[in-house]
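The values are calculated or read from the model by the stated rules, or taken from the named source; none is laboratory data. Bear in mind that the values here come from a model prediction, so they are computed numbers and not experimental data. So basically every Cβ, Gly included, is an ideal-geometry build from the backbone, and we count neighbours across all protein chains shown. Each accessible area value is taken on the protein alone, full model and side chains, heavy atoms only, with ligands, DNA and RNA left out. Shrake-Rupley method; radii C 1.70, N 1.55, O 1.52, S 1.80 Å.
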Amino acid sequence: MTNPQTICVHVFISGKVQGVGYRYSTVQEAEKLGIRGWVRNLLDGRVEAMFEGTELLIEQMLQWCHQGPKTAKVTDVTVETTEIQLYRGFEVRETA
């Protein structure tokens, strides 16, 4: 059962976000905040993620996404609200 305040967002992060530890830093940040979902690299150089949690935690996660790890240079973060997926944890997925 989900919390009534639970939301799920589909996120695309652009810039220098591959080869800089972005995915693994995302996992660490998501686990710290208690966010569920996944993250992966895309062939076009972006990073894609799904985040599920309370609205407040998702806002914090999205703020982090605009910075990422120190070695990243984020130029854009696109966010779309989507249906709750009931993820059980947070993982790195294969490149798509």
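In Å, the Kirkwood hydrodynamic radius of the chain over pairs of distinct alpha carbons? It works out to 13.1 Å. For region 6-92, the fraction of 1.4 Å probe accessible surface lying on carbon and sulfur atoms is 47 percent.
Tell me the label-point distance for the pair Tyr87, Leu43, using the 7 Å Cα-to-Cβ offset, in nm and rounded to one decimal. Distance between the two pseudo-spin positions: 2.3 nm. Which one, Ile84, Thr26, Met61, is farthest towards the positive end of the dipole of region 6-92 when Lys and Arg carry +1 and Asp and Glu -1 on their Cβ? Of Ile84, Thr26, Met61, it is Thr26.
Excluding ligands, DNA and RNA, the accessible surface per residue across region 6-92 is 54 Å² with a 1.4 Å probe.
Checking every one of the trypsin sites (Lys or Arg not before Pro) in the chain against DSSP loop status and a limit of 14 other Cβ atoms within 10 Å picks out Lys70, Arg88, Arg93.
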